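Everything below concerns the one structure shown next.
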Amino acid sequence: MPKGSPELTASRREEIVNACEKLYQTMSFRDITIKEIGAVTSFTRTSIYNYFQTKEEIFLALMQREYERWAEEMTSLAENNTVMSAGDFASALAHSLENHQQLLKLLAMNHYDMEENSRPERLTDFKTAYGASLDAVRSCVRKFFPAADCESFIFVFFPFLFGVYPYTVATERQLAAMREAKMDFKMHSIYDIIYSCVMQLLGGTE
């Protein structure tokens, strides 16, 4: 790590993650390289290696940031509401993830490769953010639905999130293939699929 203030280090890391996020809006994970990321930062490509050793570490940091932001929203939801009906909570949770499509897209990727190609300290940072999101959702469920089985909710809901993006977003090539295969398939909105899942998990618990 180069010498410099913690503020400069944080700023450089943020710029790299922002560059990765920008590219990921129009390019695939496979096609994005350290060179491509470096081309849209204000410093040289080789400088990136002072902050991230692999492309996977950068993507992991992007997903970590998404989890942190989502966890903050869920924490605020618990702190700013005394009671919530199942419908209101399902709607709030669905809207929150609707606004974090980037997180859902990242979740549809291969976590194993991302984590295996990241240093232990970077992986620990990511797991800390992931754990905070688990705790934030737990706090909501325990506060608003004390009669519900909180751990069963977590056990089903978080793995479910890995499949949300493919069921809500498809490329024209994918849609054409499904039409050619004569699949009986309907794309759903992020809001609708998450709202439906939460309502089923809560079973109408108020």
Kindly list the number of the only condition in (1) touching a residue at least 60 places away in the same chain (Cβ under 8 Å); (2) in contact with a Ser or Thr (Cβ under 8 Å, 6 or more places away or on another chain) that fails for Tyr130. (2)
Picking from Phe89, Phe153, which residue would you name as being farther than 30 Å from Lys55 by Cβ, touching a Leu at 6+ places or on another chain (Cβ under 7 Å), assigned to a helix (DSSP H, G or I) and not assigned by TED's automatic domain parsing to the domain that holds Ile32? Phe153
What is the one condition in (1) within 24 Å of Thr54 (Cα to Cα); (2) of a type in the set (Asp, Glu); (3) modelled with pLDDT of 95 or more that Glu115 does not satisfy? (3)
Residue match in region 139-146 (condition: hydroxyl-bearing (Ser, Thr, Tyr), assigned to a helix (DSSP H, G or I), under 30 Å from Ala19 (Cα atoms) and modelled with pLDDT of 95 or more): no
Does any residue of region 49-67 turn out to be in contact with a Phe, Trp or Tyr (Cβ under 8 Å, 6 or more places away or on another chain), in a loop (DSSP other than H, G, I, E, B) and at pLDDT 95 or above? no
Number of the condition not met by Phe43 [criteria: (1) more than 22 Å from Pro159 (Cα to Cα); (2) assigned to a helix (DSSP H, G or I); (3) free of Cβ contacts under 8 Å to residues at least 40 places away in the same chain]: (2)
If you go through region 143-194, how many residues are loosely packed, with under 11 Cβ neighbours inside 10 Å and either among the aromatic types (Phe, Trp, Tyr) or touching a residue at least 24 places away in the same chain (Cβ under 8 Å) (or both)? 1
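The values are calculated or read from the model by the stated rules, or taken from the named source; none is laboratory data. Quick caveat, the model's predicted, so the values are computed rather than measured. Because the Cβ atoms are built from the backbone with ideal geometry, glycine has one as well, and the counts that use them run over all protein chains shown.
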